[in-house]
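Peer 1: I'd like to ask you about the structure that follows.
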Amino acid sequence: MAPAAPLLFPPPLLPLLLLLGRPLLGAPGQGAGTWSRFARLPYPQDQLFLHDTFPDGFLWGAGSAAYQTEGGWRQGGKGASVWDTFAHRPATPPGSAAPGPAGGDVASDSYNNLFRDVEGLRRLGVSHYRFSLAWARLLPNGTAPLNPAGLAHYQRLLGRLRELGVEPVVTLYHWDLPQGLQDAFGGWASPVLPQLFCDYAELCFRHFGGQVRYWLTMDNPYVVAWHGYGTGRLPPGVRGGPRLGYRAAHHLLQAHAKVWHLYNDHFRPTQRGKVSIALSSHWIKPQRMTEKNIKECQKSLDFVLGWFAKPIFIDGDYPESMRSNLSSLLPEFSEVEKKYIKGTADFFALSFGATLSFQLLDSHMKFQQLESISLRQLLYWISSEYNKPQIFIVENSWFVSGSTKRDDAKYIYYLKKFIMETLKAIRYDGVSVFGYTVWSLLDGFEWHRGYSIRRGLFYVDFQSHDKKLMPKSSVLFYQKLIEKNGFPPLPENQPIEGVFPCGFAWGIVDNYIQV
């Protein structure tokens, strides 16, 4: 590994930066110091590009979700999910591009191209691959009996990953609830679901656990609860208002805790894996740096990320700002439940990107403050707020237009920005981040945006029959980044000091068009 580059801060400023960069022991509300802390950092020194590498053993990966990429919705005995039902409604989902499939019936056809996808991982040189299991592919109705074809599919995938030395990071539930459970019980609105989810998880741990070290119980419960059962914008499309949204979230938290305890008590001693939950967040900055506005920013994060993170990482209960503002709308945990939920994550799994972190954020949850795409500040806030957890970035990227083919310069720009912010969070701010996951490995169905945007490293022509993966420009960028483990210092990118030759011409240019 290349030696660490010298920091480009003047000597008097470096101690100040490092002092400001070390959060105190986290506790609820300590993240509120984030905004003033970053406002005091030396400018422009703090904005300079950091030529340095990530820690030894840092995990680099890519991800995908079953409904976005698998297709094969009626193949191999798979049952229907709420997304299948939602996409098959007569009305075309907002954002889907025509001509083309409305939902994930075919998508990237990964179900029939398993080795194609794994070859893409080999080409990138990643250390891990995050993917989700389709609950309805393993249990077509959501409960027993087990579907042998679904089991065989994921066993083939895990076997191929093992051959390549790629670590699987497996999500048990990425939004595609079996339709049978929605029909029979009302989905996550029912208190029955946590135990049914635990039964499904037990099956997955038993059959796949020997090959999996990192498990995620579910992805972004905020979206599932709020937009699945509150606003109805996403499947199952229940417009139950805030009360039902908060109830669904309550059950999601209970389900997660059940699965963590199941693994901890019965599987961890032999499988020695780790379990967490993928939580998504936006970032928010104050309209003006006043105490009131900073409190509103803190409240915004409480209502989105803290809704799930505080019960799990701090004390088993919702943020105080939610309990004081929502009164009877918010369900209550008993003292026994609080103890049961507290501490049910072995690391902090963070998702940060355009679709989940911003486009699906309800405007009233911004509390009249301003959205921002600062991943670095969010990482620092999490470290300060939740007792400096080990953070695994399990989803991050931006998007490009659905018409973009293989030249994705905009995607590379944001990818480089986010990875640089992660590096600065580690080196300057003392945040513990041990892995990064690009979203996604290949183009797929982008939820409420349909096929109108792309987020993959590999291009997929959705109209073609064979669905070949074609590398975009971002593949080469990410491949080289992984190879070098960051941005090592090179002679050609070191600062240069000097003067221009005598007689060098300096001027300005002006141009305008008169209409």
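The values are calculated or read from the model by the stated rules, or taken from the named source; none is laboratory data. Computed from a prediction, not measured in an experiment: that's the story for all the values here. Heads up, the Cβs are rebuilt from the backbone with ideal geometry, glycines too, and the neighbour counts pull from every protein chain shown. For accessibility, only protein heavy atoms count, side chains too; no ligands or nucleic acids. Shrake-Rupley method; radii C 1.70, N 1.55, O 1.52, S 1.80 Å.
Peer 1: Cβ-Cβ under 6 Å, sequence separation 6+ or interchain: first residue in region 368-386 and under 11 Å from Val431 (Cα atoms), partner open to solvent by 10 Å² or more (accessible area, probe 1.4 Å). Which pairs?
Peer 2: Note: pairs meeting the criteria are Arg376/Glu421; Arg376/Lys424; Gln377/Phe38; Ser383/Pro23; Ser384/Pro23; Ser384/Gln30.
Peer 1: Could you check region 123-220 for helices (runs of 4 or more DSSP H) lying wholly inside it with 1 or more residues that are within 24 Å of Gly240 (Cβ to Cβ) and at pLDDT 95 or above?
Peer 2: Values: elements: 135-138, 148-164, 179-185, 193-208.
Because the criterion is at least 1 residues that are within 24 Å of Gly240 (Cβ to Cβ) and at pLDDT 95 or above, the helices (runs of 4 or more DSSP H) in region 123-220 that meet it are 135-138, 179-185, 193-208.
Peer 1: Starting from residues that are of a type in the set (Phe, Trp, Tyr) and more than 15 Å from the chain's Cα centre (by Cα), keep the ones in region 392-413 and report whichever is most open to solvent (accessible area, probe 1.4 Å).
Peer 2: Tyr413
Peer 1: Sticking with this one: Among the residues of region 232-273, what is the count of those that are among the small types (Gly, Ala, Ser) and surrounded by fewer than 16 Cβ atoms within 10 Å (Cβ to Cβ)?
Peer 2: Looking only at that region, the number is 1.
Peer 1: For region 59-72, state whether one or more residues are buried (at least 17 other Cβ atoms within 10 Å of the Cβ), at pLDDT below 60 and of a type in the set (Ser, Thr, Tyr).
Peer 2: No - not one qualifying residue is present in region 59-72.
Peer 1: Can you name the residue in region 382-391 that is of a type outside the set (Val, Ile, Thr) and not in a helix (DSSP H, G or I) and, of all such residues, is surrounded by the fewest Cβ atoms within 10 Å (Cβ to Cβ)?
Peer 2: Restricting to residues being of a type outside the set (Val, Ile, Thr) and not in a helix (DSSP H, G or I), the top hit is Asn387.
Peer 1: Looking at Lys285 and the list (1) in contact with a strand residue (DSSP E or B) (Cβ under 6 Å, 6 or more places away or on another chain); (2) open to solvent by less than 30 Å² (accessible area, probe 1.4 Å), which single condition is not satisfied?
Peer 2: Failing condition for Lys285: (2).
Peer 1: I would also like to ask the following. Search region 424-440 for residues being hydrophobic (A, V, I, L, M, F, W, C) and within 18 Å of Lys388 (Cβ to Cβ), and hand back the single one that is surrounded by the fewest Cβ atoms within 10 Å (Cβ to Cβ).
Peer 2: By that ranking, first place goes to Phe434.
Peer 1: Please find, among Asp461, Asp443, Asp510, the residue that is open to solvent by 40 Å² or more (accessible area, probe 1.4 Å), under 30 Å from Val224 (Cα atoms) and among the acidic types (Asp, Glu).
Peer 2: Asp461
Peer 1: Which residue is surrounded by the fewest Cβ atoms within 10 Å (Cβ to Cβ), if the candidates are limited to region 464-502 and must be in contact (Cβ under 8 Å) with a residue 60 or more places away in the chain and of a type in the set (Lys, Arg)?
Peer 2: Only one residue fits best here, namely Lys468.
Peer 1: If you don't mind, there's one more thing I want to ask. Within region 195-207, is even one residue open to solvent by less than 10 Å² (accessible area, probe 1.4 Å), over 22 Å from the mean Cα position of the chain (by Cα) and not charged (D, E, K, R)?
Peer 2: The answer is yes, given that some residue of region 195-207 is open to solvent by less than 10 Å² (accessible area, probe 1.4 Å), over 22 Å from the mean Cα position of the chain (by Cα) and not charged (D, E, K, R).
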